[in-house]
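The values are calculated or read from the model by the stated rules, or taken from the named source; none is laboratory data. Please read these numbers as outputs of a predicted model, since none were measured by experiment. So basically every Cβ, Gly included, is an ideal-geometry build from the backbone, and we count neighbours across all protein chains shown.
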Amino acid sequence: MRNRSLAMLASTMLLIAACGSGGASPSRAPATSAGGATSAPAATTAAAATTAAAATTAPAGTSAPADTSAPADTSAPADTSAPADTSAPATSAVAETSPPTSGFDPNSVSGDLKLAGFSAGNVEDKLLRTVLDKFTAKYPNIKVSFEVIASEYAAVMLTRLGSGDAPDLFYVQQGYSQDWIKQGVLAPLDDLAAERGFDASAFYPGFLAPFQADGKTFGYPKDSSILAMQTNDAMLEKASVTPPTPVDELVAAAKKLKEGGVTTPMCFTNEYARAGAFIESFGGGMLNDDVSASAIDSPESKAAIEWYLTQVKDGLALRPKTDIGVDWCGQAFGEQKVAIAFEGNWIGPYMETTFADVKYTVSAIPMKAEKGTLSFTAAYGISPDAKNKDASWVLLSYLTGKEGMQEWVNGGLVLPARSDVDPTSERQKSYAAFAEF
């Protein structure tokens, strides 16, 4: 199975250009933080790229959550702007750290901290503030305020990092993590981890790799998310259709739904953060398997893009904003304007809180040559100029450690980025089954 990342923004541009030549203009999907996530007004959590052979359970926002241009009050994916490949290179894992040698006591640390990030809206904000309340209960001498940078997250943060006005701790989206590392705006964390006994060996290598360079780690993943297919139970049943498994079956199902009165069977967005899952399924991708060259112009990638555009031309799929008049495919699916959507685990809380009566099934992305999908992640980073590095470390190590990440995952919005943290709900587990770590 191919579980890839959005490795280069150039492919998004290629897809947009292709859509334009076919009469389609670019549209954006909603932004959510799951680590996940896709091109939103603010940063979007880009996908973690892994090329594995068999699915594993338990992995991305806001953190999905990547930022996926979701409406402000929905929990759509977070920034997915083209992360680097995270196919778990052998050098990407961090060895288990040794016991603390400095006598560092987190309970002795105090101070006021500012945490900054992009957000998927009310659902995510509430969940994060709940986790921060638990942190404050454990470390009452450290007070944390959370600042949401609603748009242009990367640009705003770079300006503040350059001017010395950066928050103490902040989200780092996979798509631009390597650029930030090269620009020197992220503090290396390895020495702090080793001195203070932080076990980084539990992170899935594919989600950790985007935040590493030259043998150093500059951020620890906060969560993960993964794309899947959602199908409306009632609409499929009325058309005597079952959730399709191969791509050809998906097209046949869409045609049958349309013949049965469903105006728009599927919702597609013209961005790699969604179309990329089908490109992987066709055997193509942004990069080749050993990540040594571009593969977006391969015959397999071109065939996938042509197939994707054909569904729009044939009226079997439409774009959310331009064609359907909604903010993102999750909204179109919830309002039952489409029968099939291709979103990540972030759609779950949104559906539960906004469209609780809509019953649907979660399945794997339909395959062509092989199984394929995209996964997403983001990290927490610290500025080299952080004024209270000790308190920043205490918060970072809590949020990305086993205890804090489990609390975050328990909220139901995201999947874990650590092997010692488990998805708790049946819905989360259904998405985790499609992931490879």
Check your understanding: Among helices (runs of 4 or more DSSP H) lying entirely in segment 233-336, which contain 1 or more residues that are within 26 Å of THR354 (Cα to Cα) and over 22 Å from the mean Cα position of the chain (by Cα)?
Key -> 233-238, 247-259
Practice item. Tell me, please, whether a residue that is out of contact with any Phe, Trp or Tyr (no Cβ under 9 Å at 6 or more places or on another chain) and under 13 Å from LYS222 (Cα atoms) can be found in segment 392-402. Key: yes
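With the requirement that a residue be in a loop (DSSP other than H, G, I, E, B), surrounded by 21 or more Cβ atoms within 10 Å (Cβ to Cβ) and at pLDDT 90 or above, what does segment 414-437 give you?
Keep residues of segment 414-437 that are in a loop (DSSP other than H, G, I, E, B), which gives 414, 416-417, 419-425, 433-437.
Still in the list and also surrounded by 21 or more Cβ atoms within 10 Å (Cβ to Cβ): 414, 416-417, 421, 423, 434-437.
If the condition is that a residue be in a loop (DSSP other than H, G, I, E, B), surrounded by 21 or more Cβ atoms within 10 Å (Cβ to Cβ) and at pLDDT 90 or above, then VAL414, PRO416, ALA417, VAL421, PRO423 are the ones that fit.
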**Study point:** Residue within segment 363-370 that is assigned to a loop (DSSP other than H, G, I, E, B), surrounded by 23 or more Cβ atoms within 10 Å (Cβ to Cβ) and of a type outside the set (A, V, I, L, M, F, W, C) present
**Key:** yes
Check your understanding: From the set of residues in segment 386-413 that are crowded, with 21+ Cβ neighbours inside 10 Å and not hydrophobic (A, V, I, L, M, F, W, C), which is farthest from VAL185 (Cα to Cα)?
Key -> GLY404
Review point. Which of the residues spanning segment 371-385 are surrounded by 19 or more Cβ atoms within 10 Å (Cβ to Cβ) and of a type outside the set (Val, Ile, Thr)?
Key: LYS371, GLY372, LEU374, SER375, PHE376, ALA378, ALA379, TYR380, GLY381, SER383
Review point. Here are ILE365, ILE382: which of them is farther than 30 Å from ARG160 by Cα, out of contact with any Pro (no Cβ under 6 Å at 6 or more places or on another chain) and among the hydrophobic types (A, V, I, L, M, F, W, C)?
Key: ILE365
Check your understanding: So THR263 fits all but one of (1) at pLDDT below 95; (2) loosely packed, with under 15 Cβ neighbours inside 10 Å; (3) among the hydroxyl-bearing types (Ser, Thr, Tyr); what number is the exception?
Key -> (1)
Revision key, fill the gap. Of the residues in segment 111-147, those that are closer than 20 Å to MET157 by Cβ, part of a helix (DSSP H, G or I) and either modelled with pLDDT of 95 or more or not charged (D, E, K, R) (or both) come to LEU128, LEU132
Review point. Quick one: ASP233 ticks every box in (1) closer than 24 Å to VAL414 by Cα; (2) buried (at least 24 other Cβ atoms within 10 Å of the Cβ) bar one, so which box is it?
Key: (2)
Point to revise | Breaking point among (1) in contact with a strand residue (DSSP E or B) (Cβ under 8 Å, 6 or more places away or on another chain); (2) aromatic (Phe, Trp, Tyr); (3) under 17 Å from ALA273 (Cα atoms), for PHE333 | key: (3)
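From the set of residues in segment 344-358 that are in a loop (DSSP other than H, G, I, E, B), in contact with a strand residue (DSSP E or B) (Cβ under 9 Å, 6 or more places away or on another chain) and of a type in the set (A, V, I, L, M, F, W, C), which is surrounded by the fewest Cβ atoms within 10 Å (Cβ to Cβ)? Steps first, answer last, please.
We begin by selecting, within segment 344-358, every residue in a loop (DSSP other than H, G, I, E, B); these are 345-346, 355-358.
Checking the rest, the ones that are also in contact with a strand residue (DSSP E or B) (Cβ under 9 Å, 6 or more places away or on another chain) come to 345-346, 358.
Then drop every residue that is not of a type in the set (A, V, I, L, M, F, W, C), which leaves 346, 358.
Working: TRP346: 43, VAL358: 17.
Among those residues, the one meeting the criterion is VAL358.
Please determine whether any residue of segment 375-394 is touching a helix residue (DSSP H, G or I) at 6+ places or on another chain (Cβ under 7 Å) and part of a loop (DSSP other than H, G, I, E, B).
Here is the first cut: in segment 375-394, the ones touching a helix residue (DSSP H, G or I) at 6+ places or on another chain (Cβ under 7 Å) are 377-380, 382-383, 386, 393-394.
Now narrow it down to the ones that are part of a loop (DSSP other than H, G, I, E, B): 383, 386.
Looking for residues that are touching a helix residue (DSSP H, G or I) at 6+ places or on another chain (Cβ under 7 Å) and part of a loop (DSSP other than H, G, I, E, B), one finds at least one in segment 375-394, hence yes.
So how many residues does segment 154-193 have that are surrounded by 23 or more Cβ atoms within 10 Å (Cβ to Cβ), under 19 Å from the mean Cα position of the chain (by Cα) and at pLDDT 95 or above?
The qualifying residues number 4.
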Check your understanding: Could you say whether any residue in segment 251-264 is under 26 Å from GLY412 (Cα atoms) and out of contact with any helix residue (DSSP H, G or I) (no Cβ under 6 Å at 6 or more places or on another chain)?
Key -> no
Check your understanding: Which numbered condition trips up THR130, out of (1) under 26 Å from ASP420 (Cα atoms); (2) surrounded by 17 or more Cβ atoms within 10 Å (Cβ to Cβ); (3) β-branched (Val, Ile, Thr)?
Key -> (2)
Review point. Which one is nearest to the chain's Cα centre (by Cα) among residues in segment 359-405 that are among the polar types (S, T, N, Q) and within 21 Å of PRO243 (Cβ to Cβ)?
Key: SER375
